[in-house]
Amino acid sequence: MNERELFRQVAEYAGDFVETLETRPVREDAGTEALYAALGGPLSEEGLDERAVVASLVEAVEPGLVASQSGRYFGFVVGGSLPAAGAADWLATAWDVNAGGWVLGPAAMVVEEVVRGWLTELFGLPSDASAGFVSGCQMAHVTALAAARHTVLAQAGWDVAQEGLAGSPPLRVVVGEKRHVTIDRALRLLGIGARSLVVIPADEQGRMRVEELPDLAGAATIVCGQAGEVNTGAFDDLVAIADAAEGTGAWFHVDGAFGLWAAASPRLRHLAQGLERADSWASDFHKWLNVPYDSGIAFCAHPEAHREAMSATASYIVLQEDARRRDSVDWTPEFSRRARGFAVYAALRSLGRSGVADLVERSCAHAQRFAELLEAGGATILNDVVLNQVLVRFGDGEHTREVIRRVQEDGTCWLGGTDWRGEHAMRVSVSNWRTTDEDVERSAAAILAAAGLHSSV
């Protein structure tokens with residue numbers, strides 16, 4: 001086997017795939033049975049030629065791909081992949097660095113530390129905030145909230161690392177009604193159940209009604225704010241939450257899965273006012289920074305608490321005493337992991353500060369344009385379009401559900417649905433660097449056609 005020839009074969013296919021994004025349907029073309037038939041069957045006794053394996057994989061998988069790399073993919077909050085980030089991710093595969101610690105590959109550790117410094121400056125976070133590079137916002141919440149749990153229980157005289165949670169002082173976690181479900185799952189993984197939650201009602205945009213916050217003093221308390229509600233893009237009043245937490249001993253955590261990136265934009269930074277006063281933050285790279293899946297980050301304003309909650313050692317592990325020699329095993333829940341920092345580093349270098357701001361602002365401008373075109377065509381826009389999310393309804397919820405089905409079947413673009421204030425709604429999320437004005441206009445026309453309405457474009 002010639003590895004160079006195999007890699008060239010893959011590179012040629014990858015180039016061909018990307019070049020078809022403008023013309024291919026965004027939806028998948030294969031059904032469940034066809035995919036199982038193409039990919040299934042018994043495992044052969046003997047192995048196959050590597051080039052044949054790759055060729056057959058491409059042939060079998062291609063019909064089952066959703067073109068989320070396309071500029072006309074508006075489902076969930078899924079970014080594309082910047083060319084530099086995708087190329088760096090290929091290099092990470094070729095290098096195959098285990099990014100668990102310095103001794104396994106110091107370059108990967110230095111890249112993470114450099115990126116940490118760039119991002120704290122870009123977001124306006126404390127310059128000495130620690131960071132853990134994780135698979136996404138779900139594990140970022142786990143990481144940050146583990147540090148929170150460790151700290152607030154220590155303040156109550158309980159060492160959770162030694163004693164566990166059984167018999168500990170009660171924990172109180174204050175959350176908004178429209179929090180993301182990953183907060184609940186992170187808490188569950190940390191042994192904090194639903195009975196520990198104090199749920200604050202949300203307003204019509206999904207923002208926490210901060211005037212209803214309880215006194216945060218007294219109990220071991222974590223309060224979770226949200227920078228970017230997943231349906232509307234709305235921000236909780238982070239200043240008010242920070243004011244309520246200040247001096248109480250409560251830990252203030254911010255879910256900024258995609259909304260944290262507003263802080264990188266001079267035009268949108270006002271939405272995230274108060275962000276810098278939190279104790280921890282969670283965000284994704286594979287959303288708005290447009291790096292390949294999977295990639296996220298947890299920041300913590302209290303590095304010692306972060307490290308104490310995450311670090312582990314064993315007799316065979318070679319740990320570094322020099323603080324500049326980062327051991328990522330001290331900052332994440334994982335021992336062994338992919339060197340995700342290379343793709344993030346490449347994305348940031350390729351964009352620069354102004355490019356990051358432009359990517360965020362351009363996506364928000366596309367969302368505004370979507371809202372204008374759909375509303376002009378007869379749709380109802382349900383949210384104030386302050387970020388990159390547009391919430392749409394066509395008549396009632398059931399008709400909207402049918403419109404979504406038709407749009408997905410058509411394949412011009414892809415978007416999903418959600419339930420909002422008791423009825424189904426269409427959710428348009430713009431976060432791909434490839435999206436153009438033409439993509440928005442073409443997609444809006446297809447959406448209106450699916451609804452039986454006329455486009456003004």
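The values are calculated or read from the model by the stated rules, or taken from the named source; none is laboratory data. Predicted, not measured: the structure shown is a model, and the values here were computed from it. Here the Cβ positions follow ideal geometry from the backbone for every residue, glycine too, while neighbour counts run over all protein chains shown.
Within the range 256-301, the set of residues being under 24 Å from S70 (Cα atoms), among the small types (G, A, S) and part of a strand (DSSP E or B) comprises S283, G296.
Of all residues in the range 414-437, those satisfying the criterion of being part of a strand (DSSP E or B) and either over 24 Å from the mean Cα position of the chain (by Cα) or under 18 Å from A376 (Cβ atoms) (or both) are E423, M426, V428. Screening S328, S283 for residues that are in contact with a Leu (Cβ under 8 Å, 6 or more places away or on another chain), buried (at least 24 other Cβ atoms within 10 Å of the Cβ) and of a type outside the set (A, V, I, L, M) leaves exactly one candidate, S283. Within the range 438-445, one or more residues are outside any strand (DSSP E or B), surrounded by 15 or more Cβ atoms within 10 Å (Cβ to Cβ) and among the basic types (K, R). Identify the single condition in (1) touching a strand residue (DSSP E or B) at 6+ places or on another chain (Cβ under 9 Å); (2) surrounded by 22 or more Cβ atoms within 10 Å (Cβ to Cβ) that E334 does not satisfy, given that it satisfies every other one. The single condition E334 does not satisfy is (2).
The residues of the range 87-108 that are surrounded by fewer than 20 Cβ atoms within 10 Å (Cβ to Cβ) and of a type outside the set (A, V, I, L, M, F, W, C), listed by number, are T93, D96, N98, G105, P106. Exactly one residue out of R338, R326, R369, R349 is touching a residue at least 40 places away in the same chain (Cβ under 8 Å) and touching a Ser or Thr at 6+ places or on another chain (Cβ under 9 Å): that is R338.
In this structure, is S70 within 29 Å of L275 (Cα to Cα), in a loop (DSSP other than H, G, I, E, B) and either in contact (Cβ under 8 Å) with a residue 12 or more places away in the chain or not polar (S, T, N, Q) (or both)? So S70 fails the test. Within the range 62-69, none of the residues are crowded, with 17+ Cβ neighbours inside 10 Å, modelled with pLDDT under 95 and touching a helix residue (DSSP H, G or I) at 6+ places or on another chain (Cβ under 9 Å). Here is a check on your reading of the model: is S81 in a loop (DSSP other than H, G, I, E, B) and under 30 Å from R24 (Cα atoms)? When the stated conditions are applied, S81 passes them. Looking at the range 115-198, the helices (runs of 4 or more DSSP H) lying wholly inside it that each contain 3 or more residues that are among the polar types (S, T, N, Q) and surrounded by 14 or more Cβ atoms within 10 Å (Cβ to Cβ) sit at 137-155.
Checking A220, A264, A227 one by one, the residue that is more than 30 Å from A371 (Cβ to Cβ), buried (at least 20 other Cβ atoms within 10 Å of the Cβ) and not β-branched (V, I, T) is A220 and no other.
Taking T380, is it more than 21 Å from G206 (Cβ to Cβ) and either among the polar types (S, T, N, Q) or crowded, with 24+ Cβ neighbours inside 10 Å (or both)? The answer is no for T380.
A single entry from E304, E308 fulfils the requirement of being in the same structural domain as F133 (by TED's automatic domain parsing), free of Cβ contacts under 8 Å to residues at least 12 places away in the same chain and closer than 26 Å to A339 by Cβ: E304.
Filtered by the rule that a residue be at pLDDT 95 or above, of a type in the set (G, A, S) and farther than 26 Å from A94 by Cα, the range 299-341 gives A301, A305, A309.
Does L216 satisfy the condition of being closer than 24 Å to A146 by Cβ and part of a loop (DSSP other than H, G, I, E, B)? Yes.
Set side by side, the residues A55, A30 differ, and just one is in contact with a Gly (Cβ under 8 Å, 6 or more places away or on another chain) and either without any contact (Cβ under 8 Å) to a residue 60 or more places away in the chain or over 25 Å from D410 (Cα atoms) (or both), which is A30.
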